[in-house]
Amino acid sequence: MSRPELRISSQRLSWNIAAVRDRVAPSELMMVLKDDAYGHGLRWAVETAVAAGVGWFGSYDVRSGVETRRILGAHGRVFAWVTSTHDEIDDALRAGVDLGVGSIEYLARIIARARELGAPARIHLKIDTGLHRNGLRPEEWTGAVATVRAAEAEGVLDLVGIWSHLAEASDAEDDDAHRAFLDAVRLAAETGPTPEALHLTASAASWWRPELRGSVSRIGAFCYGIRSADGPELEGVAPVASLVASVTAVRDDEAVIALGSFDGIPSTLAGATVGTPGGARALLRIDETTSVVAAWPGAAEGDEVWIFGGGEHGESSATTLAERIDTVGEEILTRLTGRVRRVVVD
Ligand SMILES: *Cc1c(COP(=O)(O)O)cnc(C)c1O
């Protein structure tokens, strides 16, 4: 094994999904797939999740939404929320991918494309509840809903969801956002049927703040076993992926492994603890294509070193590594380059 491997466990993903679904029920899990399923591989993630009973998928962009639809066939719902080009809208309408809509301009473009193609668009309207990233402002909401209802009457649109995103900076702010969200739902319900998919919370709030959950919960990190930075461990959830590299040389009390910053591991992680056949050891230095680990008794060429994973060999989780450099576990995973081979182990 000359290239590092990201070893991925289907069993672990299924168990995490089961734990998350139990925790958030009766809210339905929408599994988030952005960034190639948080670096784990989109196709594998979708196939494993379908087998585990997941029916909603959140894909961020239309391109991966259409790919998800291809893997799913007619099964399930796919939600793509980034504002997209005309061509992407057309692709989404043809593939039956739901679109997240956070501006009047985008809403008008979707209606125009749906009319042109004769394919009704399924949309989830986004209310800005304070994050100010994307989303209809409260003063735009009533007008947008009126436009949506008129397009529904014309047969070119179907309002299937209302959603927003939380800052998760403080409980009080999230409570305010929740109130703004419920106001928007109420106003929409005064003009027609309440959409089936009401979704506000991602991993942390879905897990810890049951009172904020809607009928659907958009969850990425926790499905993959990535806990929140500075957050507690989660019952029934553990890392799905382990990063493993081989020893290429041993000299004195140091083992050289075939993994470096060119593989996407930040060199600032030097000093972290990794797993070895002899248990936890210090990762002493990270160079471009190799790194140096404090050796263990009997260390030999070909031995395996776990950079992160579930802890069986003394390694930390991706989130514990991330905390050392003030980032989140997702970033450790999604930065890994194409040199790292993804291998499904069970
Ligand atoms: C990334 C993302 C999520 C999932 O967040 P996690 O914390 O990984 O669960 C949910 N909703 C939106 C809009 C996102 O961008």
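Things to note:
- Any hit, segment 9-18, residues being at pLDDT 95 or above, surrounded by 18 or more Cβ atoms within 10 Å (Cβ to Cβ) and more than 29 Å from S246 (Cα to Cα): yes
- Of note, A169 satisfies the criterion of being within 14 Å of the ligand (Cβ to nearest atom) and surrounded by fewer than 24 Cβ atoms within 10 Å (Cβ to Cβ).
- Hey, A188 surrounded by fewer than 24 Cβ atoms within 10 Å (Cβ to Cβ), among the small types (G, A, S), over 22 Å from the mean Cα position of the chain (by Cα) and not in a loop (DSSP other than H, G, I, E, B) or not: yes
- Condition met for V292 (surrounded by fewer than 15 Cβ atoms within 10 Å (Cβ to Cβ), touching an Asp or Glu at 6+ places or on another chain (Cβ under 7 Å) and β-branched (V, I, T)): no
- Subset of segment 34-76 [touching a residue at least 60 places away in the same chain (Cβ under 8 Å), charged (D, E, K, R) and either away from the ligand (no atom under 13 Å from the Cβ) or more than 19 Å from V20 (Cβ to Cβ) (or both)]: D36
- Failed condition for M30, given (1) within 16 Å of the ligand (Cβ to nearest atom); (2) outside any strand (DSSP E or B): (2)
- Checking each residue in segment 152-164 for being surrounded by fewer than 23 Cβ atoms within 10 Å (Cβ to Cβ) and either within 15 Å of the ligand (Cβ to nearest atom) or small (G, A, S) (or both) picks out A153, G155.
- Some residue of segment 212-230 being outside any strand (DSSP E or B) and more than 16 Å from the ligand (Cβ to nearest atom): no
- Test result for G192, modelled with pLDDT of 95 or more and not assigned by TED's automatic domain parsing to the domain that holds A167: no
- Per the listing T320, T327, T337, the residue uniquely farther than 25 Å from V250 by Cα and surrounded by fewer than 14 Cβ atoms within 10 Å (Cβ to Cβ) is T337.
- Only one of G39, G58, G53 that is buried (at least 19 other Cβ atoms within 10 Å of the Cβ), of a type in the set (G, A, S) and on the phi > 0 side of the Ramachandran plot: G39
- Criterion (assigned to a helix (DSSP H, G or I), out of contact with any helix residue (DSSP H, G or I) (no Cβ under 7 Å at 6 or more places or on another chain) and closer than 30 Å to G41 by Cα) met by exactly one of A245, A172, A204: A204
- Elements of type helices (runs of 4 or more DSSP H) contained in segment 52-130, each with 3 or more residues being within 23 Å of G143 (Cα to Cα): 104-117
- So L157, is it in contact with a helix residue (DSSP H, G or I) (Cβ under 8 Å, 6 or more places away or on another chain) and either among the β-branched types (V, I, T) or in the same structural domain as H132 (by TED's automatic domain parsing) (or both): yes
- Residues in segment 63-99 that are surrounded by fewer than 23 Cβ atoms within 10 Å (Cβ to Cβ), in contact with a strand residue (DSSP E or B) (Cβ under 7 Å, 6 or more places away or on another chain) and within 19 Å of A151 (Cα to Cα): L93 only.
The values are calculated or read from the model by the stated rules, or taken from the named source; none is laboratory data. Predicted model, so just to flag it, every value in this text is computed and none were measured. Cβ coordinates were reconstructed from backbone atoms using ideal geometry, including for glycine residues, and neighbour counts include every protein chain displayed.
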